[in-house]
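Notes for the one structure printed next.
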Amino acid sequence: MSYGVFAEFYDGLTRNVNYKEKADFIFEIFKKFGHKPAETLDLACGTGTLTIELKKRGIDVYGVDASYDMLSQAQQKSSDEGLDILFLCQKMQSLDLYGSINTCVCTLDSISHLQGAGEVKKAFERVSMFMEKDGLFIFDVNTIYKHRNVLGNNTFVYDTDEVFCVWQNTFSEKNNSVKIDLDFFIPENNVYIRQSESFKEYAYSAEDISGMLEESGFEVLAVFDDMKFEPLKEESQRATFAAKKRSETEI
């Protein structure tokens, strides 16, 4: 999945995302667990908005994403800001870094885009491979509740100056996945050009995610409700995980 057309309109369709608040929350998690971020990876960084925000706050950060189109947007934005940020095109489940990291963040349910639990476990193992002892891994995922009751079999419509987008979901009870079909209607010379993309997101229980982290060499420090230092509720839509890399003797 390249997110080609989606990359072009991603920022416009996600204007409701407050990246400054997300960065604030990440820094609060650092403080809560006494973590001092050094070499930091923004995993599945997309168009790089959070990467740029972290860089502006003095974090030594670089971004990785599987989409060339998303990274093209990220590179242009960082250049416009006068920031020198490295962006690498890699899949999470085959991550191959040049050195170690002591911090990894992965936001906006990017883990949920991986195609099944096996792929999630591979991604965790790759992050663990490059993570220093006591390094911190912070990420969020969609909950089963969100997939079943919010995304479900619903259709959403977005109308911006740049594009008219129809977002159709199909929920599968079998694996708590949602198939997302996007139709973009792009105005051009008084007509609309239609382009389409499709992908799936998967949801897992907090217990299953925690188990995969433990098997990959991490200790789960906490599981929070989205953007809150509160436990998950029945109707929580996102779960935020904070996990610490264990030493080899502890694994």
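Worth a mention:
- Rounded tilt (10° steps) of 68-80 against the dominant C-alpha axis of the chain: 80
- Taken over the alpha carbons of the stretch 7-106 as equal point scatterers, the Debye sum produces base-10 log I(q)/I(0) values at 0.14, 0.15, 0.19, 0.22 Å⁻¹ of -0.51, -0.58, -0.94, -1.23.
- For the stretch 116-241, the share of alpha carbon pairs falling in successive 10 Å distance bins from zero is 12, 32, 29, 18, 7, 1 percent.
- Taking Cα atoms only, the orientation of helix 4-13 departs from the longest principal axis of the chain by about 90 degrees.
- Mean-square fluctuations from a GNM of the chain, with a 10 angstrom spring cutoff on Cα atoms, peak among 198, 110, 216 at 198.
- For the stretch 213-249 versus the stretch 12-26, the gap between their alpha-carbon centres in whole angstrom: 20
- Helix axis angle, 206-215 relative to the chain longest principal axis, alpha carbon, degrees: 50
- Taken as Cα centroids, the stretch 137-194 and the stretch 75-91 sit 26 Å apart, rounded to the nearest whole angstrom.
- Proximal aspartates and glutamates to residue 56, defined as alpha-carbon separation beneath 16 angstrom and excluding residues fewer than eight positions away on the same chain: 21, 24, 39, 42, 80, 81, 84
- Whether the stretch 146-202 is rounded, prolate or oblate, judged on the alpha carbon gyration tensor where a/c under 1.5 counts as rounded: prolate
- Intensity falloff of the chain expressed as log10 I(q)/I(0), Debye formula with alpha-carbon point scatterers, at q = 0.08, 0.11, 0.16 Å⁻¹: -0.31, -0.59, -1.27
- Among the trypsin sites (Lys or Arg not before Pro) in the stretch 125-230, those placed in a DSSP loop whose Cβ has at most 13 other Cβ atoms within 10 Å are 174, 228.
- Taking every DSSP helix (H) stretch of at least 4 residues in the chain, weighting each as -39,500 (n - 2.57) and dividing the sum by the residue count yields a mean residue ellipticity at 222 nm of -8500 deg cm²/dmol.
- Over the stretch 146-202, relative contact order from alpha-carbon pairs under 8 Å, at least 6 apart, %: 27
- Of the cross-linked pairs 77/174; 36/200; 200/233, those separated by over 32 Å at the C-alpha level are 77/174; 36/200.
- Relative contact order of the chain, pairs being alpha-carbon contacts under 8 Å that are 6 or more residues apart, as %: 17
Values in this text are rule-based calculations from the coordinates and carry no lab data. Everything numeric in this text was worked out from a predicted model, so none of it was measured. No Cβ is skipped: glycine too gets one built from the backbone with ideal geometry, and neighbour counts run over all protein chains shown.
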